[in-house]
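Please read the structure below before turning to the comments.
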Amino acid sequence: MSQPVSNAPGIEAEVAVVGAGPAGLATAIGFAASGRTTVLITGPERGIDHRTTALLGTSIPILERFGVWDRIAPHTAPLRDMRIVDGTRRLVRAPEVTFKASEIGLEAFGYNIENEPLRRELGAAAEETNGLSLARASLTDLRTDADGVTLSLDDGRSVRATLVVAADGRNSRVREACGIGVKRREYPQVAVTATVRHTRPHWDISTEFHTETGPFTLVPLPGDRSSIVCVVDDREAVRLLGLDLPALAREFERRAHSILGPFEVEEGRAAFPLVAETAREITAPRVALMAEAAHVMPPIGAQGLNLGLRDAVALVDLAAEPGLDLGGAEMLKRYAGARDRDIHGRMTAVDMLNRSLLSDLVPVQSVRGFGLYLLDRVGPLRRTVMRLGLGNRAA
């Protein structure tokens, strides 16, 4: 069973994971479950996160392998169908397309969960995991030598590890300490997020309305509830955030074309400017970056945490290879090579989709519309795209 680390000034472990968000928690559990002595440096206390996460494709087997899925599953809603509706008023409009998980032999494309129960269940699992210690402190400094890394904490202690995994988010202190810069792309959009109750059942169908400012997405939650991601321009985001809850509920219902009946908006709405960031390198000597320390994606296509979990399992698998130096140059080179195509491929796909929605050029609208037409009519192509979207190979 995991225990808080002692008050001794020096803590030793094979792996130190920095950051106790869902990605960091899952990664620390995965390393410890594979037999590596691991310390999780939690960072500062986190506030309540009212957002939700859609766990797609390969994420479920990863969480099963790390031994945490059974704890998470009761808090989720399945995503059995995904529907795309062209909600624009442009000259060229795309046909409505519905993707069914059953068509590729799946019960569901994934499962949507609120971030608070996700983090709570992963935190409880971490406390019960043998070989995993929790250091409830924040990183202040990092020093690397040939054999490992020494991390200084704000409570006066230090941690010595052979490999450091940075899962400390988009403002990663580990990345900064390693001198790694980021490539950043800003979009003229803001994602307004909220959770709503509705009077009609969602039938486990996620619906995405494509609009001139970006997607308006309804994602099922347990019961007659759904999470909303409403992508708009800056001015509209300010207007939406200024509405009282009943007025916001009416606005969201209008955007949803009342497909789920009247809405009631729960407390906890928020707004996030859309940006895309990638670290210029995802490794440094004895250090691996993952999740939002390595890549930040707009909330389009539900790729964020799913990409981070694939980072996690890649690291755990490499750490288990016989004869490969944990945290050594060869391991880190292979990690970077293995993750490069997935990360940059997903970033490019999300960027192209978002730009196609924003473009007023008729040729761009025509290409997007024709692409959705083909997906609707050509079964093999549709099934290939569904598998790729879940993080699987095409075949």
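With both labels modelled 7 Å from their Cα along Cα-to-Cβ, the S158 to L324 distance reads 3.0 nm. Taking a ≥ b ≥ c as the square roots of the eigenvalues of the Cα gyration tensor, an a/c ratio of 1.5 or more together with a/b larger than b/c marks segment 140-293 as prolate.
Let me know the charge dipole size of segment 157-228 about its Cα centre in debye, to the nearest 20, where only the beta-carbon of Lys, Arg (+1) and Asp, Glu (-1) is charged. Working shown, then result.
Details: 11 positive and 7 negative charges, 103 e Å.
Charge dipole, segment 157-228, about its Cα centre: 500 debye, nearest 20.
Accessible area of W69 (1.4 Å probe, protein heavy atoms only, ligands and nucleic acids ignored): about 20 Å².
Accessible area per residue for segment 196-235 is 39 Å², calculated with a 1.4 Å probe on protein heavy atoms, without ligands, DNA or RNA.
Quote to one decimal, in nm, the extra length available between D233 and E264 on full extension: 0.36 nm per residue of separation minus the C-alpha distance between them. Walk me through the intermediate numbers first.
On the way: separation 31, 0.36 × 31 = 11.16 nm, distance 2.34 nm.
Answer, rounded to one decimal: 8.8 nm.
Using a probe of 1.4 Å on the protein chains alone, the accessible area found for T213 is around 40 Å².
Leaving out ligands, DNA and RNA, and with a 1.4 Å probe, what % of the accessible surface on segment 79-224 is carbon or sulfur? Walk me through the intermediate numbers first.
Working: 2880 of 6420 Å².
Heavy-atom surface of segment 79-224 belonging to carbon and sulfur, 1.4 Å probe: 45 percent.
Rounded to a whole number, what % of the accessible area of segment 239-328 do carbon and sulfur atoms account for, probe 1.4 Å? Before the final figure, lay out the partial values.
Numbers: 1900 of 3440 Å².
Of the solvent-accessible surface of segment 239-328, carbon and sulfur hold 55 percent.
Phi angles across segment 194-211 convert, under the Karplus curve 6.51 cos²θ - 1.76 cosθ + 1.60 with θ = phi - 60°, into 3J(HN,Hα) values of 6, 10, 10, 9, 9, 8, 10, x, 8, 6, 6, 10, 8, 10, 10, 8, 7, 10 Hz, Gly and Pro given as x. In this structure, K100 and E45 have a Cβ-Cβ separation that, at R0 = 41 Å, corresponds to a calculated FRET efficiency of about 0.45.
Given a 1.4 Å probe and the protein chains as shown, V238 ends up with an accessible area of around 110 Å². Working from label points 7 Å from Cα in the Cα-to-Cβ sense, the A124 to A146 distance is 4.8 nm.
The values are calculated or read from the model by the stated rules, or taken from the named source; none is laboratory data. What you see is a predicted model; the values in this text were computed from it and never measured. Ideal geometry is used to build each Cβ from the backbone, glycine not excepted, and the neighbour counts take in all protein chains shown. Surface areas here come from the heavy atoms of the whole protein model, side chains and all, with no ligands, DNA or RNA. Shrake-Rupley method; radii C 1.70, N 1.55, O 1.52, S 1.80 Å.
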